[in-house]
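Quick notes on the structure that follows.
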Amino acid sequence: MQALANVILPVFLIIGFGYVARWRNLLNDAQVDGVVLFTQNFAIPCLLFVAIARLDLGQEFDLRLLASFYAGAIICFVLGFSGARWLFGRDWEDCVAIGFVALFSNSLLLGLPITERAYGPDALAANFAIIAVHSPICYGIGITAMELVRNRGGRLRDTGARVLKAMFRNALVIGITLGFIVNLTGLPIPGVMDQALDMMVRAALPAALFGLGGVLYRYRPEGDLRTIGFVVGLSLVVHPAITFGLAHLLGVGTQGMRSAVVTAAMAPGVNAYVFANLYGRAKRVAASAVLIGTAGVIVTGWIWLQILP
């Protein structure tokens, strides 16, 4: 219970402040969108840029760590896609959107603050290693799968061009890419710029959590509850269980295992709804899974923190 009180609840209190602020009309939807746009298009890309630019790539990019996390994520995508098709009879495009919900953990807005509060700021290096390739891998899988099912019989070259265009219009991917450029080339960041970036970074997570609360107010548990329960179960139970097992099997260190499992145990991110909304597919399932899964992390996240060494 100490972990629940000290680690998870403060994060959800900030989300709750945003939720109540929107519920009581202290902010309207446009103002909430402004907070979200600031965090997603500016503050969080700055956070990712700084984290990747300063990351010790040789030490932190442990392929065993990444394999443990992303094997679990991809398996959950396949299970979500297959279950949507053969258990719930959804069409192919809906299946991709539902699979993406199971694939895309909320690594930034939940995984980072919960890991930091549980294990301290020094434990975040492995989180940033996962996050560095999170958007490219997840969007790459989701967009490729959606374009393939939407353009059955079309040319692969055209599909590839659409995938690359969609990915590199994403501010998170741009921030990550620039961070890698600075890291690999050793380009110095001017002192004034470095200080400005640090100010943006400090604002990123609290503002993002507050904005997430305001966005979640719009979501209602609608649609097929069996489908929602299925995909939330994949996100909160199956993904972290696979990651935990693989991390043990591959000999991932304690700190890396903690980051991987905590990140895997997070609810579907808001980007899962953004993806569904982009293609106009399974939007109610995606929105409800984000809301219910985020609430569920209060319990399942605490359980995983007790299981981890």
Can you confirm whether the range 218-231 contains a residue that is over 24 Å from Leu87 (Cα atoms), touching a Phe, Trp or Tyr at 6+ places or on another chain (Cβ under 8 Å) and part of a helix (DSSP H, G or I)?
no
Filtering the range 247-277 down to residues that are assigned to a helix (DSSP H, G or I) and among the aliphatic types (A, V, I, L, M) yields Ala247, Leu249, Leu250, Met257, Ala260, Val261, Val262, Ala264, Val270, Ala272, Val274, Ala276
Does Thr39 satisfy the criteria of being out of contact with any strand residue (DSSP E or B) (no Cβ under 6 Å at 6 or more places or on another chain), more than 30 Å from Pro309 (Cβ to Cβ), open to solvent by less than 20 Å² (accessible area, probe 1.4 Å) and among the polar types (S, T, N, Q)?
yes
Just to be sure before I move on: is Gly58 more than 17 Å from the chain's Cα centre (by Cα), without any contact (Cβ under 8 Å) to a residue 40 or more places away in the chain and in a helix (DSSP H, G or I) in the structure I sent?
yes
Can you spot a residue in the range 176-198 that is open to solvent by less than 40 Å² (accessible area, probe 1.4 Å) and farther than 28 Å from Val11 by Cα?
yes
Hey, any hits in the range 18-25 for a residue that's without any contact (Cβ under 8 Å) to a residue 24 or more places away in the chain, touching a helix residue (DSSP H, G or I) at 6+ places or on another chain (Cβ under 8 Å) and open to solvent by 40 Å² or more (accessible area, probe 1.4 Å)?
no
Of all residues in the range 278-288, which are assigned to a helix (DSSP H, G or I) and aliphatic (A, V, I, L, M)?
Leu278, Val285, Ala286, Ala287
Complete set of residues in the range 85-132 that are touching a Phe, Trp or Tyr at 6+ places or on another chain (Cβ under 8 Å), of a type outside the set (Val, Ile, Thr) and crowded, with 23+ Cβ neighbours inside 10 Å:
Cys95, Ala97, Gly99, Phe100, Ala102, Leu103, Phe104, Ala129, Ala132
Could we say that Leu66 is out of contact with any Phe, Trp or Tyr (no Cβ under 9 Å at 6 or more places or on another chain), free of Cβ contacts under 8 Å to residues at least 24 places away in the same chain and part of a helix (DSSP H, G or I) here?
no
Out of Val7, Val50, which single residue is buried (at least 17 other Cβ atoms within 10 Å of the Cβ), modelled with pLDDT under 85 and farther than 27 Å from Ala282 by Cβ?
Val7
Selection from the range 228-244 of residues that are of a type in the set (Gly, Ala, Ser) and more than 15 Å from the chain's Cα centre (by Cα)
Gly229, Gly233, Ala241
Scan (1) surrounded by 24 or more Cβ atoms within 10 Å (Cβ to Cβ); (2) part of a loop (DSSP other than H, G, I, E, B) for the single condition Ala208 breaks and write down its number.
(2)
Starting from the range 138-162, take each residue that is closer than 26 Å to Phe69 by Cβ and modelled with pLDDT of 80 or more and list its partners that are among the hydrophobic types (A, V, I, L, M, F, W, C) and open to solvent by 50 Å² or more (accessible area, probe 1.4 Å), counting only C-beta distances under 6 angstrom and pairs at least six apart or across chains.
Val149/Trp92
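The values are calculated or read from the model by the stated rules, or taken from the named source; none is laboratory data. All of these numbers come straight from a predicted model, not from anything done at the bench. With ideal geometry, Cβ positions are generated from the backbone for all residues, glycine too; neighbour counts draw on all protein chains shown. Keep in mind that these areas ignore ligands, DNA and RNA; they rest on the heavy atoms of the full protein, side chains included. Shrake-Rupley method; radii C 1.70, N 1.55, O 1.52, S 1.80 Å.
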